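Read-outs: derived from the displayed coordinates by stated rules, not from any lab. Quantities reported herein were computed from a predicted structural model and do not represent experimental measurements. All Cβ positions, glycine included, derive from the backbone under ideal geometry; neighbour counts span all protein chains shown.
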Amino acid sequence: MVDRRRASLTALSTLARRPRSELALAAPPTPAPADRQRPSLIVDNAVYSSGRRVATPDSVAESHEWLVEDPERLVWLGLYRPEPAELGELAEQYDLPDLAVEDAIKAHQRPKFERYGSTLFVVLKAARYVDAAEEVEFGELHLFLGPNFAITVRHSESPDLSRVRRRLESEPALLEKGSEAVLYAILDAVVDGYSPVVAGLATDIDEIETEVFRGDPGVSRRIYELSQEVLEFQRAAAPLTGILAAIAAGFDKYGVDEELRSYLRDVADHVTSVTERVEAFRLQLRDILTVNATLVAQRQNEEIRELTEASIAQGEEVKKISAWAAILFAPTLVGTVYGMNFDDIPELRWDLGYPFALLLMAGVSLALYAVFKRRGWI
């Protein structure tokens, strides 16, 4: 399977070296609009000697010729979202490992450090905090590092490697140390980029705590979204501890410069600080989510209690109304009976009929009042 991949990459590189007349016959006469808008593959192509730029070749083949002339030189190629065919020539000329090339083409890799003979393959995850959206954006970077070359493949806008290049070019003594200096500078830039992210996440968590105790109904969703960002950030930063440990393990074997060793140890300290803060954020958000759930449950219980109390109060009012309605109903009933216009009512001609009716109405009303009073309805 490896032979098939190598044959495929060789074929791609052969295609890249074919004369333009042959490519014109094989290629479509008019490129697609998307191809016209595609960013340039090679962001920067530089050859360094003794830490100073001596050439900026126009092609990959030309930069490789500079190494053939003097293997002590350093070629630094910066690529942006290359197509699979565009890595074929690089893979052949610099003898890049096939599996690593496949990873660089597919992207979406976890941060890792792998050594293939004299070639290092490193995958890093950069992070950038976007203030306007209050969210974290992640970028992926692949590095191929050899004794005299450094190839960087970016699949996102961050990190900005032009700053790293300018920094190293302003320090020829550091760049003179070779591709390991490039690795250090890029690692340092990626880790330094984590600091604004940590600060932004800390601010977001403080805001969330305020919203939780203020009873904001949308805070639960924000806690969940921020927790996902923190987990993603942890996946980007935590593997750097193992990567730097693996690099440090090869210091003596590969004769890494002592100054670079101290620089990389400083980067490792920063990574440890970042990972500790991120882990603290994860635990803090977990606690905030628990507190928010408790507060929501308390508010719901309070609402239920208030509804229950209102229902009980309404029931008491209904009891009172029902009791007085029953008390008033008895006299009304008696009065209605005796108010009927019938001549044959027995008590109609009775001299004591009127007082008896009044006493009957009063007696029934008082009896009902006593009953309701005893039961607490009045």
Percent RCO, i.e. relative contact order, over segment 217-301, from Cα pairs under 8 Å lying at least 6 residues apart: 47 percent
Segment 134-164 scanned against label point 7 Å out from Asp216 along Cα→C-beta; backbone N under 18 Å for 134-136
Of Tyr80, Leu141, Leu368, which is farthest towards the positive pole of the chain's charge dipole, taken about the Cα centre with +1 and -1 on the beta-carbons of Lys, Arg and Asp, Glu respectively? Leu368
For the chain, what is the relative contact order in percent, using Cα pairs closer than 8 Å and at least 6 residues apart in sequence? 12 percent
Can you give me the distance in nm between label points at Ala55 and Ser322, each placed 7 Å from the Cα along the Cα-to-Cβ direction? 10.2 nm
So for the chain, using the alpha carbon gyration tensor with a ≥ b ≥ c as root eigenvalues (a/c under 1.5 gives rounded; past that, a/b versus b/c decides prolate or oblate), I'd call it prolate
Charges only on Cβ, +1 for Lys and Arg, -1 for Asp and Glu: so what's the dipole of the chain about the Cα centre, in debye to the nearest 20? 780 debye
Tell me, Trp76, Trp66, Trp350, Trp324 in order of fewest to most beta-carbon neighbours within 10 Å? Trp350, Trp324, Trp66, Trp76
What's the local net charge at Ala367, with K and R +1, D and E -1, over the other residues with C-beta under 14 Å away? +3
I need the peptides 188-200, 355-367 ranked by packing, meaning the mean over residues of other C-beta atoms within 10 angstrom, with the highest value on top. 188-200, 355-367
Candidate lysines for bridging to Lys320, where Cα separation is under 28 Å - those fewer than 8 sequence places away on the same chain excluded: Lys373
Report, in deg cm²/dmol and to the nearest 500, the calculated mean residue ellipticity at 222 nm for the chain, where each DSSP H run with n ≥ 4 adds -39500 (n - 2.57) and the sum is divided by the residue count. -21000 deg cm²/dmol
Burial order of peptide ranges 261-272, 211-222, 310-321 (average beta-carbon count within 10 Å, highest first): 261-272, 211-222, 310-321
Percent relative contact order of segment 273-378, based on C-alpha pairs within less than 8 angstrom and at least six residues apart? 34 percent
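Once you've got the Cα coordinates, tell me which of Lys112/Lys253; Lys112/Lys177; Lys106/Lys177 are over 25 Å apart.
As for pairs spanning more than 25 Å Cα to Cα, those are Lys106/Lys177.
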The percentage of Cα-Cα pairs in segment 107-260 separated by more than 23 Å is 44 percent
Note, ³J(HN,Hα) from phi for segment 92-97, Karplus 6.51, -1.76, 1.60, rounded to Hz, x at Gly and Pro: 7, 5, 9, 6, 6, x
